Amino acid sequence: MKIDRLLSIVVYLLNRELASASTLAERFGVSTRTIQRDMEAINLAGIPVMSVQGPSGGYGIMDGFKLDRRLVSPDDLFYIVTALNGIAGTLDDGHIAGALETVRGLLPSHGDEGLRRRAERLHVDFSALGGGPAQRDSFRVVQAAVEDGRLLEFEYTSNRLESTRRVVEPMTVVFKWRAWYLFGYCRLRGDYRLFRASRIRRPRPQPERFARRPKTFEEFEREYDPAHTGSLVEVKLRFAPEMAPLVEEFHNEEDLERLEDGSIVARMAMPEDGWMYGYVLSYGQFVELLEPERLRAVIRDAAGKIRSLYE
């Protein structure tokens, strides 16, 4: 749309001293004559565009026209840019590039150089959390359904490894617990649900649109927090001394008890599902589940089945 292009041109010029008509035409996929008409439209909108002739000339925004920077400091803008850069790799959303241009337009002169120096001290990268190309494509379909307010149908594998076909009213894309999730209303279950994006397969947006239901993700999170609903189980694990660095990385010191032989006893509350069993089994012979007793039997049976595969 023309209005989108005009806004993008203004943001682009705010971040640069000058840009030639050919450069702008190539960037925005239009002719140089269209760029000339766009400059006239921008001027008529009250944004003073200047034109400099010569080989090094081009279009620019007059120095006297400044965006109001009083509400945000350069430090604020640095963290905003860092966060946007961090999620750009995993969301793969073209709007983020536009947002970055907009924020950089708020920086003082030579702000990009300051950002570059500071970026050497702090870097955030979520790209590995976006998965491979197929998973990214799937996630884009989910995002589009959320934006369009359309029903979404997909195959889903739960924590208990149960595969079902779901029809969902997709409401919110959420980053939590080191992964991306979709929050929505599941018509199969007749209730709100949180779906891990990496377990969504073959999503297909449906023609039907839906009216967004009143519950927000924040309300859902408070209502279904396992710590509040009592769906967590208290477990007690004894780790071998060799596991001390990993235990210290993932557990709070106040939850640990160090024994004389160097082993560590950790207490924690965990949801009783496949993830918990997988977590315990991932440590192999270097961990023993001490309590509760009934879960010892579950782990023992699972370990026995694993052993039978190698006999």
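Report P(r) for the range 130-186: all Cα-Cα distances, bin width 5 Å, range 0 to the bin holding the largest distance, values in whole percent.
Histogram of Cα-Cα distances, whole percents per bin: 4, 18, 25, 31, 19, 3, 0.
Please compute the net charge surrounding Phe286, taking Lys and Arg as +1 and Asp and Glu as -1 over other residues with Cβ under 12 Å from its Cβ.
-1
So how do 134-144, 245-255 stack up, highest first, on mean other-Cβ count within 10 Å?
Descending packing order for the listed peptides: 134-144, 245-255.
For the peptides 42-55, 275-288, what is the packing order when you average, over each peptide's residues, the other Cβ atoms within 10 Å and list the highest mean first?
275-288, 42-55
All of the numbers you see were taken from the coordinates with simple rules; none came from a lab. From a predicted model like this one, the values you see are computed outputs, not experimental measurements. Cβ: placed from backbone, ideal geometry, glycine included. Neighbour counts: every protein chain shown.
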